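What follows is one structure encoded as C-alpha cells, with my remarks underneath.
Every number in this text was worked out from the coordinates using simple rules, so none of it is lab data. Since we're looking at a predicted model, the values are computed, not measured. Because the Cβ atoms are built from the backbone with ideal geometry, glycine has one as well, and the counts that use them run over all protein chains shown.
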Amino acid sequence: MEINKKSIKKLSSIVGKNFVKVDLEDRICYSYDATNLSYLPDAVVFPRTTQEIAEIIKLANKEKFYVIPRGAGTGMSGGSLPVKGGIVLAMSRFNRILKIDTENLIAVVEPGVVTGVFQKEVERLGLFYPPDPASLNFCTLGGNLAECAGGARAVKYGVTKDYVLGLEAVLGTGDILHTGVETMKGVVGYDLTKLLVGSEGTLGIITKITLRLLPLPEAKQTLLAIFDKLEDATHTVTNIIRSKIIPTTLEYMDKTAVFCVENYLNIGLPTDAEALLLIEVDGEKESVQTKGEKIRIMCLETGARDVEIAKNVEESERLWQARRSVSPAAFKLKPHKVSEDIVVPRTKLPQMIDKIKEIGERYGLTVLTFGHAGDGNIHVNFMIDQQNKDEVSRTHRAVEDLFRATLDLGGTLSGEHGIGITKAPYLSMEIGPIGIDIMKRIKQVFDPNNILNPGKIFVE
Ligand SMILES: Cc1cc2nc3c(=O)[nH]c(=O)nc-3n(C[C@H](O)[C@H](O)[C@H](O)COP(=O)(O)OP(=O)(O)OC[C@H]3O[C@@H](n4cnc5c(N)ncnc54)[C@H](O)[C@@H]3O)c2cc1C
C-alpha cells in the first residue's frame, strides 16, 4: 500500500504543505526507534488538530495507505516503525498542557507533551505525576499511554494506566471517540479508556488525555546498596517486599551494567560490586527517615557491603543519572542489543536471575540485566553484533528459552515495553487462541481496514 502523489497532495491540503515531508533525509529521521531497527516511511505528516487527524484517517481508508502514530520514537519494541510503509504521523505539534486543575487534582494534556516536562510543571504547583520511564526526558505522554509505560516508581505508585481518567482518540474509521471521565470515579459502560491504554497505536490515535495527579510527597531519601554477591541483592529485594515496607523505587543493576555506566559517565560507581540496588522512599519527612533506616539495616543484614545515603538532591540525581544511563551505556559492550522486558512474581526473582545467567552461559552470550526489581520486572539485554549470524541465531534461541522460563515461573513476557514487532512472534506463548481471537476482533471493530499501525502485536 504505497502512497501516491495524489494522496500526498491531499495530505498537504489537510495539514499545510510545510507539514508533509517526503524528502529522503526527513523520512530517514522517522524510520527508527530504540530497537535499532529501521523502516522508511513514504512520508512524515505533522498534524496539529484532532480534526486534521480525522481527515487524514478518512483519506487513508479511501486511498489505502497505512498510518503509524509516533511520539518521540523511544519505543523498545518497534511500535512506531512503518514496517509496511505508509505515513508516520508525528505527534510533536500536539505539545500543549491544556489544564492543570489544582483543586480537583487532574490535568488535561496533548499527547506530544514530553513526560519529564509535564512532571516538572505539575511539581511546580505542589502536585505529582508518578509514572517515570527512564526515558522521561525525551519520551511523550502519548507514547507512554500507547505502551502503558512503567518506571522506577511503579513499585509504590503503579503504571501509566493507573493515572489515565479519560481520553480523546481518532479511531481507524476516522471517528472521534471520547472516553472516560474528569471525575475520580466513573463506571458507565465498558472501560474504553483502559482498552486504548497499551493498544500500541493499533486502535486509535490518542489526541487528548485526562490524567489524575497526586500531592507531591513532602520528602524523599535515596539509598545505594552495594553487594558482593548477586544472590544477596535479589534476596534483599524479596525481603524488603515481604517486610511490607513498600519503597518508591527498588531498582537493580548487575555487575555488567555497573561497568558500562561507569565507563560511560565516570561518576565513581563501585565496578568491583556484583550488583547494586537503588532504593528510594518518599512521604512525610519523619516516616521517610524511619523507612530509609529500616531498609538500610535490612540491606546490611542480607549481605550489602555498604549502603550509601544521598546527602542532597544533587547526589540523588547523580545516582538516578547512573540508573537512567544503563540503556545507552550498554552499547559500550557490543554494537547491538536484543532487549527483553520480562516480569516474574517478586518471590521468584532470585530463581529468574539464576535462569538468565544459565541461559547466557548455555548460548555463550554476553547478558546485561537491570531494571525494576521491586516489580519483578527485569530488563534482560543480550549484547550482540548483528553482523555475526551465528550470534544472532543463538540469541533467538536464548530469547525463546528466556520466555519459557519466565512463563514457567508464573511471569509475563513484557512489563512495560509492549509487544510491537519484536515480541509479536511470541504472543501466543502467553495469550491463548481465544484471547488472541478476541483481540483481533476488537482491532477489526476499531480499525476495520487495518489502516492503523499494521504488523504490530499480531504477526500478519
Ligand atoms: C533509554 C530508555 C529508557 C527507557 N525506560 C523505560 C522505562 O523505564 N519504562 C518504560 O515503560 N519504558 C521505557 N522505555 C521505552 C519507551 O521510552 C516507552 O515505551 C515510551 O512510552 C515511548 O514513548 P515515545 O513517545 O517515544 O513513543 P514512540 O516510541 O514514538 O511510540 C511508542 C508506541 O506508541 C504509539 N504512539 C505514540 N504516540 C501515540 C498517540 N498519540 N496515539 C496512539 N499511539 C501512539 C506508537 O505507534 C508506538 O506503537 C525506555 C526507552 C529508552 C530509549
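Just rank ARG93, ARG323, fewest to most, by other beta-carbon atoms within 10 angstrom. Could you put the intermediate results ahead of the total?
Details: ARG93 15, ARG323 21.
Placing the least packed residue first, the sequence is ARG93, ARG323.
If a/c stays under 1.5 just call it rounded; otherwise compare a/b with b/c (prolate if a/b is bigger, oblate if not). Do that for region 308-375, with a ≥ b ≥ c from the square roots of the Cα gyration tensor eigenvalues. Mind showing how you got there, number by number?
Working: a/c = 2.75, a/b = 1.42, b/c = 1.93.
Oblate shape, in that a/c is at least 1.5 and b/c is the bigger or equal ratio.
How would you rank LEU230, LEU81, going from fewest to most other Cβ atoms within 10 Å of each one's own Cβ?
Fewest-to-most ranking of LEU230, LEU81: LEU230, LEU81.
Antiparallel DSSP bridges in the chain: what percent, to the nearest 5?
Taking every DSSP beta bridge with both residues in the chain, the antiparallel ones total about 85 percent.
Compute the distance in nm between two label points, each set 7 Å from the Cα along the Cα-to-Cβ direction, one at SER428 and one at ARG397.
About 2.2 nm, to one decimal.
All other residues with a Cβ under 13 Å from the Cβ of THR173 taken together, and with Lys, Arg as +1 and Asp, Glu as -1, what is their net charge?
Spelling it out: positives minus negatives among the neighbours equals 0.
If I take R0 = 30 Å and measure r between the Cβ atoms of ARG48 and MET439 in this structure, what FRET efficiency does the formula 1/(1 + (r/R0)^6) give, to the nearest 0.05?
Rounded to the nearest 0.05, the efficiency is 0.40.
Tally Lys/Arg at +1 and Asp/Glu at -1 over every other residue whose Cβ is under 11 Å from the Cβ of ASN381; what's the total?
Numbers: positive: LYS334, LYS337; negative: ASP254, GLU340, ASP341.
Here the charged neighbours net out to -1.
Give me the compactness ratio for region 97-215, meaning the Cα radius of gyration over 2.2 N^0.38 Å.
Cα-based Rg divided by the globular estimate yields 0.98.
Given the C-alpha centroids of region 380-458 and region 69-99, what is the distance between them in whole angstrom?
Computed from Cα coordinates, the inter-centre distance equals 20 Å.
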